[in-house]
Amino acid sequence: MRSRRTLAVLLLLLVMLLAACGGGTTPETTDESGEGATTEETATDEEAATDEEAMTDEEAATDEEAATDEEAATDEEAATDEEAMSEDEGMMDVASLGGSLAMDNELLSLKADGCDYGGYFESIEATDANTVVFTMCKPDPAFEAKVAFEGFGIQPMEHLMKAGSDGSLLENPIGTGPYKLDSWNRGESVILTANEDYWGEAPADPTLVFRWAEEGATRLLELQSGQVDQIAFLSPDDFETVEADANLQLVPNLNPNIFYLGMTNTFEPFDNPDVRKAIAMGIDRQRLVDNFYPEGSEVADYFTPCSIPNGCEGDAWYDFNAEDAKTMLAEAGYPDGFETAIYYRDVFRVYLPEPPLVAVELQTQLKENLGITAEIIPMESGPFLEEVSAGRIEGFYLLGWGADYPHPTNFLDYHFSKDNPQFGDPFPEIYEKLTEAAQLASAEEAAPLYAEANNAIRELVPMVPIAHGAAADAAGASVQNAHTRPFGAILGRIVDSPDDTFVYMQSAEPISLYCGDETDGETFRVCGQIVDSLLAYGLDSGDTEPSLAEECVGNEDGTEWTCNLRQGVVFHDGSAFDANDVVMSYAIGLDAANSLHAAAEAGGAGNSGAFEYWSYLWGLMNAPEESE
Amino acid sequence: MSTATVEEPTVAKIGSNVKAESLWAVTMRRFFKQRNAIVGTIILLILVLTAIFAPYIAPYDPIQVLIGVEDVSRREKPCVHLLGCDPEKSQHLMGIDGNVRDQFSRIVYGSRYSLLIGFTTVSFAIIIGTILGAIAGYAGGITEDVIMRMMDVLLAFPSLLLAIAIVAVLGPGLQNTLLAVGIVTIPQYARIVRSSVLSVKEQEYVEASRALGASPFHILRKRILPNSLTPLIVAATLGIATAILDAAALSFLGFGAQPPAPEWGAMLGTERGQIFSAPHLVFFPGIAISLTVLAFNLLGDGLRDALDPRLKGK
């Protein structure tokens with residue numbers, strides 16, 4: 001009896017404990033104010049972060065627009081009643097963000113403290129509601145190409161300040177694009193619906209769905225079974241299958257790219273230039289391209305593809321010569337090779353269609369040609385990129401790059417700038433020439449400098465350029481205007497699916513939906529439908545076209561660009577687009593002292609907080625000095 | 001007189017019968033009466049011979065890339081001369097893999113990995129499991145509680161998930177896979193040994209041994225453990241099949257044997273995307289794994305039936 005009583009008491013205690021635990025979590029997960037919850041809680045709380053929560057809230061208006069943004073105006077009148085309501089709030093908040101952002105006479109401006117910080121922008125100012133002036137520290141011939149990049153999309157100032165500070169910006173983008181976010185079903189799909197107020201031509205299909213599957217075979221199977229309308233990155237072995245199938249169409253991917261074998265010169269033996277040079281000569285790149293890349297791929301003789309102006313200046317890469325390579329490696333002190341590792345991420349890319357097989361092929365070649373024993377280590381994509389970016393990979397790594405805009409700076413300056421530690425200690429012989437070349441508006445004048453930079457890359461071998469991959473999407477034969485673009489994401493709005501819902505299957509889920517702090521194509525592809533940049537790339541070229549800016553006009557020496565904004569454009573939340581939105585969007589990306597220029601975990605708007613594209617394309621203002 | 005002459009041969013006959021029918025002989029006789037067990041044994045025998053004589057059976061080095069060596073292309077289908085393949089082409093019984101290597105040679109060498117994984121992990125698990133189970137069963141009390149609750153904790157996790165977690169912590173690789181698969185299979189052997197010890201330790205012959213002053217170690221080794229052997233053998237045989245399967249799953253997921261090792265699970269994992277375009281690259285490693293697991297399962301079932309005293313005479 002006694003033991004039974006004890007058991008009963010214990011059970012009761014257990015039940016109470018469980019109840020207490022359960023009760024404790026409830027208020028946190030349903031906390032809507034956000035005040036009581038930490039950023040992390042808010043960020044992970046799907047209900048708090050998505051529109052659905054607001055929609056299910058009985059107190060919230062049933063009006064969808066109201067549900068999408070609590071703070072934004074609840075109707076169009078309030079929205080177009082410009083800054084009346086939000087100005088005071090905005091002014092106060094802008095000051096609280098810190099950094100170089102200032103509000104003067106209802107117009108935002110971002111001013112660097114001089115140009116000594118090394119970046120491109122001296123200031124970005126909203127001179128009136130529809131004009132933004134970019135004052136440059138140095139001329140940038142690629143200015144228009146850069147501002148068209150999807151990572152520099154414009155979102156409403158108020159939304160950036162609110163959603164940026166509570167972490168919800170990562171999954172709740174508000175743009176002016178042809179589609180707006182309906183839902184993001186994690187692990188499954190992102191559903192977008194047509195923006196009825198889109199400033200351009202209305203989307204052909206009212207619904208655009210993004211799905212993903214890592215395996216090329218799975219994607220093809222989904223396409224063949226009619227579950228999706230277009231798939232990204234057809235496996236090289238499936239080209240023939242698609243071409244032979246009357247129900248399918250091959251959609252060539254025209255994006256210039258490079259696949260390279262990276263090394264970090266801060267680790268032995270890669271700190272020895274002769275070792276790196278021996279490796280450069282000891283890899284049979286033609287064999288790799290012939291056997292592991294689809295037709296149309298090329299061996300890379302330069303880091304930048306030749307389709308980019310000035311991409312192929314200077315001397316071509318070393319010819320394969322195993323004997324000379326082995327001799328050189330022996331002279332460098334490694335007659336029997338050495339032991340190392342090959343790191344890669346198992347993600348399909350145009351430049352690297354089958355990473356595990358290419359890794360094994362390189363492992364084989366390194367062993368056969370140079371006596372180097374390399375262990376193969378696959379990594380998760382996120383940590384892999386993080387390790388590479390920080391220059392912490394001790395061994396070889398397989399990585400590549402797809403063009404964002406048609407200029408050598410997109411390939412060379414990102415990888416070989418003095419701020420990028422991915423190949424270890426940066427090489428002044430390379431980045432000094434690149435910095436000089438990047439300031440020349442004339443491609444002809446810049447050519448000799450790019451030749452010198454390419455020759456320095458060849459001599460110093462920070463990496464081994466291997467291939468420019470050819471790739472293709474595939475689509476159902478009945479899908480009209482199925483396409484890819486050389487630069488930028490697909491234009492979902494022009495694709496016409498027979499059932500009015502265009503389903504695109506890519507190879508991975510977007511990492512977040514705030515592209516200002518992302519670098520991967522899967523994320524940009526989704527963001528590109530929702531958020532517009534100042535300019536846009538053409539359908540089949542890298543030429544820029546008007547987008548949110550009707551034009552961006554540079555002065556004679558290219559030190560000042562004035563962008564005249566499109567008028568009458570409204571965001572998905574109904575608020576009006578103006579110059580302050582542009583300045584705020586740029587300030588978060590560019591100004592490291594801005595409190596929103598940080599990872600969501602640290603109270604900022606970003607995902608990782610790295611804002612890589614802003615950093616390498618423009619240079620960050622107020623960046624903390626690197627500690628030795 | 002006549003009575004005596006009649007009885008003598010009877011006694012002799014009974015004596016000779018007892019001598020001939022040892023436990024081993026009975027077990028073998030009953031084992032080979034089962035067709036399934038014979039099939040399992042034959043498959044296993046072929047597997048073992050293949051593993052031993054792999055260098056003589058495989059026409060190529062399993063990691064040799066044939067680019068530039070032969071006129072073959074990536075993921076080429078099997079070429080068997082007897083089945084009408086062009087005699088001028090070199091014969092590749094199971095085709096060419098994604099890295100242009102002979103698939104048959106890799107399958108042949110892969111048998112070494114499977115057997116190594118099966119026997120090593122089960123041996124490791126049996127040794128540790130037996131020690132723990134014997135201590136728990138014999139010592140009883142708090143020792144038993146601590147050991148068996150630890151085993152319960154291990155058993156509470158799905159074995160493959162636990163193995164993945166262990167490899168995720170230790171890092172991918174064959175050695176860590178062996179360790180992980182070994183660890184997750186310890187509890188089943190510990191339980192078997194413990195229950196055997198519990199059922200035997202109060203037997204009179206054990207009491208007698210104790211009364212004669214035998215040490216606990218001696219009693220365990222000489223009196224108790226031999227009686228636990230039967231269920232242990234059966235569990236081990238079946239456990240090898242599970243271990244091979246778990247290790248193949250880990251390799252499939254990229255946690256196990258690393259390239260260029262010709263491990264069946266890894267081969268399957270690398271080419272899993274080619275199930276429609278190059279099915280032979282998925283089919284043959286899959287069949288190899290299935291046959292091996294089937295062989296051990298049949299063998300285990302046969303041994304169980306043969307060693308089970310309740311089925312005596314059936």
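One line per residue, one yes/no per condition, for (1) touching a Cys at 6+ places or on another chain (Cβ under 9 Å); (2) without any contact (Cβ under 8 Å) to a residue 12 or more places away in the chain; (3) in a loop (DSSP other than H, G, I, E, B):
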residue: A:529; (1), (2), (3): no, no, no
residue: A:541; (1), (2), (3): no, no, yes
residue: A:582; (1), (2), (3): yes, no, no
residue: A:616; (1), (2), (3): no, no, no
residue: A:619; (1), (2), (3): yes, no, yes
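Only one of these is in contact with a Gly (Cβ under 7 Å, 6 or more places away or on another chain), facing chain A (nearest Cβ under 10 Å), within 18 Å of residue B:285 (Cα to Cα) and among the charged types (D, E, K, R): B:75, B:101. Name it. Exactly one of B:75, B:101 is in contact with a Gly (Cβ under 7 Å, 6 or more places away or on another chain), facing chain A (nearest Cβ under 10 Å), within 18 Å of residue B:285 (Cα to Cα) and among the charged types (D, E, K, R), namely B:75. The one condition from (1) among the hydrophobic types (A, V, I, L, M, F, W, C); (2) over 28 Å from residue B:178 (Cα atoms); (3) within 14 Å of chain A (Cβ to nearest Cβ) that residue B:65 does not meet is (2). Comparison of A:425, A:336, A:419, A:346 shows that the only residue that is surrounded by fewer than 22 Cβ atoms within 10 Å (Cβ to Cβ) and either modelled with pLDDT of 95 or more or more than 27 Å from the chain's Cα centre (by Cα) (or both) is A:336. Go through A:443, A:456 for me and flag whichever is surrounded by fewer than 24 Cβ atoms within 10 Å (Cβ to Cβ), out of contact with any His (no Cβ under 6 Å at 6 or more places or on another chain), of a type in the set (A, V, I, L, M, F, W, C) and at pLDDT below 90. Only one candidate passes the filter, namely A:443. Only one of A:361, A:354, A:386, A:368 is within 14 Å of chain B (Cβ to nearest Cβ), among the acidic types (Asp, Glu) and more than 27 Å from residue A:219 (Cα to Cα); which? Only one candidate passes the filter, namely A:368. When the test is whether a residue is crowded, with 18+ Cβ neighbours inside 10 Å, under 29 Å from residue A:358 (Cα atoms) and of a type in the set (Val, Ile, Thr), residue A:231 passes it.
Condition check: within 30 Å of residue B:224 (Cα to Cα), in contact (Cβ under 8 Å) with a residue 40 or more places away in the chain and in a helix (DSSP H, G or I). Does residue B:168 satisfy that? Spelling it out, it is not the case that residue B:168 is within 30 Å of residue B:224 (Cα to Cα), in contact (Cβ under 8 Å) with a residue 40 or more places away in the chain and in a helix (DSSP H, G or I). Among all positions in the stretch B:41-61, there is at least one residue which is at pLDDT 85 or above and either within 14 Å of chain A (Cβ to nearest Cβ) or over 30 Å from residue B:287 (Cα atoms) (or both). Looking across the stretch B:246-266, just one residue is within 11 Å of chain A (Cβ to nearest Cβ), modelled with pLDDT of 90 or more and crowded, with 24+ Cβ neighbours inside 10 Å, and that is B:266. Take residue A:302 and tell me if it is closer than 29 Å to residue B:270 by Cβ and under 26 Å from the mean Cα position of the chain (by Cα). No, not satisfied. Do we find a residue being within 14 Å of another protein chain (Cβ to nearest Cβ) and either in contact with a helix residue (DSSP H, G or I) (Cβ under 9 Å, 6 or more places away or on another chain) or more than 19 Å from residue A:367 (Cα to Cα) (or both) anywhere in the stretch A:265-281? So far as the stretch A:265-281 goes, no, none of its residues is within 14 Å of another protein chain (Cβ to nearest Cβ) and either in contact with a helix residue (DSSP H, G or I) (Cβ under 9 Å, 6 or more places away or on another chain) or more than 19 Å from residue A:367 (Cα to Cα) (or both).
Tallying residues that are modelled with pLDDT of 95 or more and aliphatic (A, V, I, L, M) within the stretch A:538-568 yields 3. Annotation: of all residues in the stretch A:111-126 being of a type in the set (Gly, Ala, Ser) and either in a loop (DSSP other than H, G, I, E, B) or within 25 Å of the chain's Cα centre (by Cα) (or both), the one that is surrounded by the fewest Cβ atoms within 10 Å (Cβ to Cβ) is A:114.
From the list A:341, A:330, A:325, the lone residue that is more than 14 Å from every other protein chain (Cβ to nearest Cβ) and touching a Gly at 6+ places or on another chain (Cβ under 7 Å) is A:325. Among the residues making up the stretch A:188-222, those that are away from chain B (no Cβ under 14 Å) and of a type in the set (Gly, Ala, Ser) are A:189, A:194, A:200, A:202, A:204.
Of the helices (runs of 4 or more DSSP H) contained entirely in the stretch B:183-270, those carrying at least 1 residues that are under 21 Å from the mean Cα position of the chain (by Cα) fall at B:229-252, B:264-270.
So that you can scan it fast, the table gives a plain yes or no per residue for (1) among the hydrophobic types (A, V, I, L, M, F, W, C); (2) touching a residue at least 40 places away in the same chain (Cβ under 8 Å):
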| position | (1), (2) |
| --- | --- |
| B:146 | yes, no |
| B:187 | no, yes |
| B:193 | yes, yes |
| B:201 | no, yes |
| B:204 | no, no |
| B:209 | no, no |
| B:222 | no, no |
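The values are calculated or read from the model by the stated rules, or taken from the named source; none is laboratory data. This one's a predicted model, so the numbers in the text were calculated from it and none came from an experiment. Every residue, glycine as well, gets a Cβ built from its backbone with ideal geometry; the counts of neighbours run over all protein chains shown.
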